[in-house]
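Reviewing the structure listed below.
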Amino acid sequence: MKLIVAIVQDEDAGRLVSALMDKGFGVTKLATTGGFLRAGNTTLISGVEDERLDEALGIVEKTCKSREQITASAAPMNGGAGGVYVPYPIRVTVGGATVFVLEVSQFLKV
Ligand code: 2BA
C-alpha cells in the first residue's frame, strides 16, 4: 500500500476529492499553508493499493491545473544599507499538484 500526499490549490481541491471518491478512493482533506506564498492551499492524503496507484495519480494530474499567482517580494532600497526594503510584485506558477508517494508499512483501523 502507498500513501499519496498531494498539495493542491484550494480551487482544485473539491473537484479532486469528488473525483477520487467517485472511484472508491478514501481521502482526507487538510487545510494547509504554503511556506513561500504564505497562502492557503489544500493537502489531500489518500491510502491506495499498489495496483491502483497509477490510477489515483492520473486523477490528480487530470484534475489539478497550474495557475499564475502574484506575490510581493522585497527589494532593498539603496543597496539595503539603510535596512529599507520596498515590496514589488513577482509572478510565480503554482501547481498543478505537488505529490509525495510514501510506502505504508501498516494500515490499521482499530
Ligand atoms: P508555496 O510554498 O506557497 O509555493 C508556491 C509557489 O511558489 C510554488 O509552487 C513555486 O512556484 C513558488 N516557489 C516556492 N518556493 C519558491 C522560491 N524559493 N523561489 C521562487 N519561487 C518559489 P509549487 O512548486 O507548485 O508548490 C505549491 C505548494 O506545494 C507550495 O506552496 C508548498 O505548500 C508545497 N510544496 C512545494 N514543494 C514542496 C516540498 N518540497 N515540500 C513540501 N511542500 C512543498
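The values are calculated or read from the model by the stated rules, or taken from the named source; none is laboratory data. Being a predicted model, the structure only gives us computed values, none of them experimental. Cβ coordinates were reconstructed from backbone atoms using ideal geometry, including for glycine residues, and neighbour counts include every protein chain displayed.
List of remarks:
- All positions within segment 58-72 that are more than 30 Å from P87 (Cβ to Cβ) and of a type in the set (S, T, N, Q): T63
- Total residues in segment 1-59 satisfying the condition of being among the basic types (K, R) and either out of contact with any Leu (no Cβ under 6 Å at 6 or more places or on another chain) or farther than 24 Å from L108 by Cβ (or both): the figure is 4.
- Filter result (more than 12 Å from the ligand (Cβ to nearest atom) and either touching a Gly at 6+ places or on another chain (Cβ under 7 Å) or not basic (K, R) (or both)) within segment 1-10: M1, L3, I4
- Within the set V104, V84, V110, the sole residue that is touching a residue at least 12 places away in the same chain (Cβ under 8 Å) and either exposed (fewer than 10 other Cβ atoms within 10 Å of the Cβ) or not hydroxyl-bearing (S, T, Y) (or both) turns out to be V104.
- Per the listing L44, L20, L37, the residue uniquely more than 17 Å from R91 (Cα to Cα) and under 14 Å from the mean Cα position of the chain (by Cα) is L44.
- Selection from segment 16-33 of residues that are surrounded by 14 or more Cβ atoms within 10 Å (Cβ to Cβ) and not in a strand (DSSP E or B): L16, V17, A19, L20, F25, V27
- Selection count, segment 58-110, where residues are modelled with pLDDT of 95 or more, part of a strand (DSSP E or B), among the aliphatic types (A, V, I, L, M) and more than 9 Å from the ligand (Cβ to nearest atom): 3
- Residues that are more than 16 Å from the ligand (Cβ to nearest atom), in contact with a strand residue (DSSP E or B) (Cβ under 7 Å, 6 or more places away or on another chain) and of a type in the set (D, E, K, R) within segment 11-57 comprise just one, D50.
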